[in-house]
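Visitor: Structure incoming, see below.
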Amino acid sequence: MIPQVIILSVFIFLLAQAMPGDPFTGLINPNMEASQIEALREAAGLNDPWYEQYFRWIGNAVQGDFGSSYLYKLPVADLIGERAMNTIWLSLVTVILTYIIALPLGLFSGRYKDSWFDKIVVVYNYVSFAVPLFIFALITLFIFGYRLAWFPTTGSVSPGLDPGTFKYGLDKFYHIILPAITQALLGTAVTIQYLRSEVIDSQTLDYVRTARSKGVPTNKVYTRHIFRNASLPIASQLGYQITGLIGGSLTIEIIFAYPGMGKLFIDALTQRDYTVITALILILGIATLVGTLLSDIIMSIVDPRIRIQ
């Protein structure tokens, strides 16, 4: 992972440098002298050679210092910290809800193939795969947020609550429920399809016939034998799915006005806030690499043969 992180950091830095404009481009107006803008660029070190800027940036980043945001006038680490926790909690709740929905649907759909239940699951799978997330998010926000008023429509916590209290934590979870359910309902398609197909294929394999011939109850055949083997492809994707949600919640965060890393990233892009852009992409890139590692670890837990090899 170390060489990958180094290559990733160089690539991210060069891409940010290649963007047109800089954080001070927005200050240009008829009342601003060009020399003043140039002085700001010189003070920020933007006129230094790219490799000097890179080593200065990566040296500070290793120590947890990503610089200060030109837009928010705050240290980037402090700015990202709170937003990152909001996105992480949203992603974790989404993943949990996704598997709570997908695992039983996939298992029973494969077990009772061609039944009315299986047909309903297949239709739901097609619909969830076809509907765009931003359309479905707008529908759920309108119905459950505005019409029925069951859930809050903006923010991550109600104002006036003291951080660290039980009421504060409960309110944060209350704000997460609707966006998490929205993502989870559309994120089950791949998991259901994988599990359904694996369960159908496993029913005719030798180890299942052997278990049945030994008198193992049908429920145990499915839960202890078929399900465990059918879950291997799903387990291999778990780490990627978590990190993918952390980096890919942009649509949900914008529609629900949820203060996470996605919205911060868009604001930083439009304002050419380089320090925030490079820090966010580097963190998300490292998270993707960690997701690869998590998938390997999960696979070794689920499948003992990998540990033996």
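Visitor: When you look at residue 103, is it at pLDDT 75 or above, surrounded by 12 or more Cβ atoms within 10 Å (Cβ to Cβ) and more than 28 Å from residue 171 (Cβ to Cβ), yes or no?
Guide: Yes: the conditions hold for residue 103.
Visitor: Among the residues of the stretch 143-158 satisfying the criterion of being assigned to a helix (DSSP H, G or I) and in contact (Cβ under 8 Å) with a residue 24 or more places away in the chain, which is most open to solvent (accessible area, probe 1.4 Å)?
Guide: Residue satisfying both the conditions and the ranking: 144.
Visitor: Here is a further query. Evaluate the stretch 53-61: report whether one residue or more is at pLDDT 85 or above, closer than 30 Å to residue 172 by Cβ and either charged (D, E, K, R) or open to solvent by less than 60 Å² (accessible area, probe 1.4 Å) (or both).
Guide: no
Visitor: Suppose we filter the stretch 51-77 for residues that are of a type in the set (Lys, Arg) and assigned to a helix (DSSP H, G or I); how many remain?
Guide: Within the stretch 51-77, residues that are of a type in the set (Lys, Arg) and assigned to a helix (DSSP H, G or I) number 1.
Visitor: Consider the stretch 36-52. How many of its residues are more than 16 Å from residue 272 (Cβ to Cβ), open to solvent by less than 80 Å² (accessible area, probe 1.4 Å) and either of a type in the set (Gly, Ala, Ser) or modelled with pLDDT of 75 or more (or both)?
Guide: 2
Visitor: When you go through (1) in contact (Cβ under 8 Å) with a residue 12 or more places away in the chain; (2) under 24 Å from residue 192 (Cβ atoms) one by one for residue 127, which number turns out not to apply?
Guide: (1)
Visitor: Here's something else I'd like to know. Checking residue 131 against (1) open to solvent by 30 Å² or more (accessible area, probe 1.4 Å); (2) hydrophobic (A, V, I, L, M, F, W, C); (3) modelled with pLDDT under 80: exactly one of these is not met. Which one?
Guide: (3)
Visitor: Tell me, please, whether a residue that is among the β-branched types (Val, Ile, Thr), within 30 Å of residue 198 (Cβ to Cβ) and either under 20 Å from the mean Cα position of the chain (by Cα) or not in a helix (DSSP H, G or I) (or both) can be found in the stretch 78-87.
Guide: no
Visitor: Any residue in the stretch 63-80 that's among the hydrophobic types (A, V, I, L, M, F, W, C): show its pairings with residues that are open to solvent by 50 Å² or more (accessible area, probe 1.4 Å) at Cβ separation under 6 Å, as long as the two are six or more apart or on different chains.
Guide: 71/271; 79/72
Visitor: Does residue 140 fit the bill of being open to solvent by less than 90 Å² (accessible area, probe 1.4 Å) and modelled with pLDDT of 85 or more?
Guide: The answer is yes for residue 140.
Visitor: Can you tell me how many residues within the stretch 152-187 are over 21 Å from the mean Cα position of the chain (by Cα) and not small (Gly, Ala, Ser)?
Guide: Within the stretch 152-187, residues that are over 21 Å from the mean Cα position of the chain (by Cα) and not small (Gly, Ala, Ser) number 11.
Visitor: Only residues in the stretch 2-15 that are without any contact (Cβ under 8 Å) to a residue 24 or more places away in the chain and open to solvent by 40 Å² or more (accessible area, probe 1.4 Å) count as the first member; pair them with residues that are in a helix (DSSP H, G or I) and not β-branched (Val, Ile, Thr), Cβ under 9 angstrom, at least 6 apart or cross-chain, and list the lot.
Guide: From residues that are without any contact (Cβ under 8 Å) to a residue 24 or more places away in the chain and open to solvent by 40 Å² or more (accessible area, probe 1.4 Å), the pairs are 11/285.
Visitor: Which of the residues belonging to the stretch 109-127 are surrounded by 18 or more Cβ atoms within 10 Å (Cβ to Cβ) and either outside any helix (DSSP H, G or I) or not basic (Lys, Arg) (or both)?
Guide: Residues satisfying the conditions are 109, 110, 118, 121, 125.
The values are calculated or read from the model by the stated rules, or taken from the named source; none is laboratory data. Computed from a prediction, not measured in an experiment: that's the story for all the values here. Glycine also receives a Cβ, built like all others from the backbone with ideal geometry; neighbour counts cover every protein chain displayed. To get the accessible areas, we keep the full protein, side chains included, count just its heavy atoms, and leave off ligands, DNA and RNA. Shrake-Rupley method; radii C 1.70, N 1.55, O 1.52, S 1.80 Å.
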